[in-house]
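Visitor: Just passing along the structure, written as structure tokens.
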Amino acid sequence: MTLNRRQLFRLVGAGAALSSLGTTAAVAAQPKFVEPTAQKPMLLCFNENPLGMSEKAKEAIASTMYGSRYPFAQVIAFKKDLAKFMDVKPDEVLLTHGSAEAIRATIEAEATKNTVLVQPELTYGDGADVAKRNNILVKNVKMGPDWSIDLAALRKVAAAEAKKHRVLVYLVNPNNPTSTIADSNEIFNWIKSQPKNTFFILDEAYAEFVNDPSFKSCCELVRQGFDNLVVLKTFSKIFAMAGMRLGYAVGDVKVINKIRDHVAYEVMMNQTTLAAALSELNDKEFLKESKESNDEAREILYKALKELNIPYLPSQTNFVFIDLKAPLKPFADRMKAEHILVGRPFPPAVQWCRISLGTPAEMRYFVEKLKEFRQKGWV
Ligand SMILES: Cc1ncc(COP(=O)(O)O)c(C=O)c1O
């Protein structure tokens, strides 16, 4: 089955199940399982792709022999490919050093002297960290039931704030650490209503893992011409390039130009990273394998959690948020003693633990440890 980029985007970017590309095949890219040690612990803590970079990306890196020259031409060529993949114009894309840089640059570009950042209280911390460093007030909005994003409450707080301030709404969808999605139609309606003094930052770092067909990437609103939002994406997650540092922003040309003023040099990206990214972008087999491996790992974890009666939130990402019903630290310390690193504390969910999904083999190992912990009365 051959897909053009536009079709592939719909499957990958819009978050539909990549497994629909074919039946679940053996995952060729699975790395060999090795028991964790103190020197090489099992990393179930950073939401990375446990398969590692694709073979093609590694080959692309090895053949990047022109490191003595500036990468201007490669940046321009890569942006064209990326824009095609995303079905937007090259001018509507800004390359950044990871989406971390895109979060910082967006907030700094869009903030005025009188700005408030509005966000759900349980979300990825970068938005609030950048805001605080820039003396921007952060308004945390309480979560809904089961740590859901309460869009109605966010909207109310943002509307009240917008009477006095410029408002930046930071929305991570799917959310981290909860792994769940907020209602796409509600988000679309809110942005389309173009509330005054309000700009939306949509962080879609995990969109490629989503299985729920109701999820829609907000890139669609950029294509429709809305200029009150930016969508932030990353190569760190399903594309397996967390250590290579590449993210990007998708937005209206005016929005992108404004954010560009807050990054060092878009034309000076690392060409090795670009070579790897271009290869990953076109490697639909690798993306499909990564998605299938993640789905399989998630099912292994779900099965054990059900057996052990440990509640969890239904995950649309490469991590699962589980309810320990006890403080996180003793659990994390005991897992660490087994050379397994789990997620950090995410207040106010102080009794919950974020487990990043490893390979299926890693999850089987983790699940055995979890069962041993139950026998010892630790979970
Ligand atoms: C929601 C979210 N946004 C952004 C990032 C930053 O990712 P990177 O800078 O590697 O693109 C992360 C990393 O975990 C994340 O979870």
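Visitor: If the only charges are +1 at each Lys and Arg Cβ and -1 at each Asp and Glu Cβ, what is the size of the charge dipole of the range 58-282 around the Cα centre, to the nearest 20 debye?
Guide: 680 debye
Visitor: Now for a separate question. Eigenvalues of the Cα gyration tensor times 5, then square-rooted: what semi-axes does that give for the range 291-379, in whole angstrom, largest first?
Guide: Ellipsoid semi-axes (Å, largest first): 19, 15, 12.
Visitor: Given H placed on each backbone N at 1.01 Å, which residues far from D203 in sequence or on other chains put an amide H within less than 5 Å of it?
Guide: L171, V172, N173, L232
Visitor: Apply the Karplus parameterisation 6.51 cos²θ - 1.76 cosθ + 1.60, with θ equal to phi minus 60°, to every residue of the range 202-209 and state each ³J(HN,Hα) to the nearest whole Hz, in sequence, with x for glycine and proline.
Guide: Ordered by residue, 3J(HN,Hα) equals 9, 9, 10, 4, 10, 4, 5, 8 Hz.
Visitor: Mind listing the phi-derived Karplus ³J(HN,Hα) values for the range 126-139, rounded to whole Hz, using 6.51, -1.76 and 1.60 with θ = phi - 60°, and x for any glycine or proline?
Guide: Once θ is set to phi - 60°, the couplings for the range 126-139 become 4, x, 5, 4, 5, 4, 4, 4, 9, 6, 9, 5, 10, 10 Hz.
Visitor: Check the straight Cα-Cα distances from K80 and name the lysines below 17 Å, setting aside those fewer than 8 residues away within the same chain.
Guide: Hits, sequence-local ones excluded: K89, K233.
Visitor: Kindly flag which residue pairs out of K237/K306; K142/K284; K132/K258 have an alpha-carbon separation exceeding 30 Å in this structure.
Guide: Long pairs (Cα-Cα over 30 Å): K142/K284.
Visitor: Now for a different question. Within 12 Å, Cβ to Cβ, of S54, how many net charges do the neighbouring residues add up to if Lys/Arg are +1 and Asp/Glu are -1?
Guide: Result for the neighbourhood of S54: -2.
Visitor: Continuing with the same structure: Let me check I've understood the local charge: for L44, count other residues with C-beta under 15 angstrom from its C-beta, Lys and Arg +1, Asp and Glu -1. What total comes out? Don't jump to the answer; show the numbers that get you there.
Guide: Numbers: positive: K40, K237, R298, R334, K336, R344, R354, R364, K369; negative: E35, E48, D333, E338, E362, E368.
Counting the neighbours of L44, the net charge comes to +3.
Visitor: Which order do the peptides 200-213, 110-123 come out in when sorted by mean C-beta neighbours inside 10 angstrom, highest first?
Guide: Going from most to least packed, we get 200-213, 110-123.
Visitor: Going by a ≥ b ≥ c, the root eigenvalues of the Cα gyration tensor, does the range 97-225 fall in the rounded group (a/c under 1.5), the prolate group (a/b larger than b/c) or the oblate group?
Guide: rounded
Visitor: Per residue of the range 44-60, in order, report the coupling 6.51 cos²θ - 1.76 cosθ + 1.60 (Karplus, θ = phi - 60°) as ³J(HN,Hα) in whole Hz, putting x for Gly and Pro.
Guide: Residue by residue, the range 44-60 yields 9, 10, 10, 6, 8, 8, x, 6, x, 5, 5, 4, 5, 5, 5, 4, 4 Hz.
Visitor: When the helices in the chain are scored as -39500 (n - 2.57) per DSSP H run of 4 or longer and the sum is shared across all residues, what 222 nm value do you end up with, to the nearest 500 deg cm²/dmol?
Guide: Helix contribution divided over all residues of the chain: -12000 deg cm²/dmol.
Visitor: Could you please state, rounded to a whole Å, how far the C-alpha centre of the range 42-108 is from the C-alpha centre of the range 322-379?
Guide: Comparing the Cα centres of the range 42-108 and the range 322-379, I get a distance of 32 Å.
Visitor: Relative to the Cα centre, what is the charge dipole magnitude of the chain, using +1 at the beta carbon of each Lys and Arg, -1 at the beta carbon of each Asp and Glu, and rounding to the nearest 20 debye?
Guide: 700 debye
Visitor: Could you check which residue among A105, A276, A160 shows the biggest mean-square fluctuation in a GNM of the chain with a 10 Å Cα cutoff?
Guide: With Cα springs under 10 Å in the chain, the top fluctuation among A105, A276, A160 is at A160.
Visitor: Among 361-368, 59-66, how do they line up from the highest to the lowest mean number of other beta-carbon atoms within 10 Å?
Guide: Ranked by mean Cβ neighbours within 10 Å, highest first: 361-368, 59-66.
Visitor: Counting Lys and Arg as +1 and Asp and Glu as -1, what is the net charge of the other residues whose Cβ lies under 13 Å from the Cβ of G125?
Guide: Summing Lys/Arg as +1 and Asp/Glu as -1 gives +1.
Visitor: Among F226, F235, F286, which comes first, second and so on when ranked by fewest other beta-carbon atoms within 10 Å?
Guide: On the way: F226 18, F235 27, F286 23.
Exposure proxy ranking, most exposed first: F226, F286, F235.
Visitor: Next question, about the same structure. Rule-of-thumb check for the chain: C-alpha Rg over 2.2 N^0.38 Å? If you can, show how the numbers build up before the last one.
Guide: Details: Rg = 20.6 Å, N = 379, 2.2 N^0.38 = 21.0 Å.
So the chain has a normalised radius of gyration of 0.98.
Visitor: For a quick protection proxy, order the peptides 181-189, 237-245, 261-269 by their average other-Cβ count within 10 Å, most packed first.
Guide: Numbers: 181-189: 17.2, 237-245: 21.1, 261-269: 15.1.
Highest to lowest by the protection proxy: 237-245, 181-189, 261-269.
Visitor: Still on this model: Percent antiparallel among DSSP beta bridges with both residues in the chain, to the nearest 5? All intermediate terms of the calculation are to be shown ahead of the outcome.
Guide: On the way: 15 of 36 bridges.
Of all bridge pairs located within the chain, approximately 40 percent are antiparallel.
Visitor: Does the range 58-282 come out rounded, prolate or oblate by the C-alpha gyration tensor, with a ≥ b ≥ c the root eigenvalues, rounded set by a/c under 1.5 and, if not, prolate when a/b is larger than b/c and oblate if not?
Guide: Prolate shape, in that a/c is at least 1.5 and a/b is the bigger ratio.
Visitor: List every residue whose amide H lies under 5 Å from the amide H of I340, counting only residues 5 or more places away in sequence or on a different chain, with H placed 1.01 Å from N in the peptide plane.
Guide: Hits under the 5 Å cutoff: M42.
Computed from the coordinates by the stated procedures, all read-outs in this text should not be read as laboratory data. Worth saying up front: this structure is predicted, and the values here are computed from it rather than measured. Glycine gets a Cβ as well: all are built from the backbone with ideal geometry, and neighbour counts include every protein chain shown.
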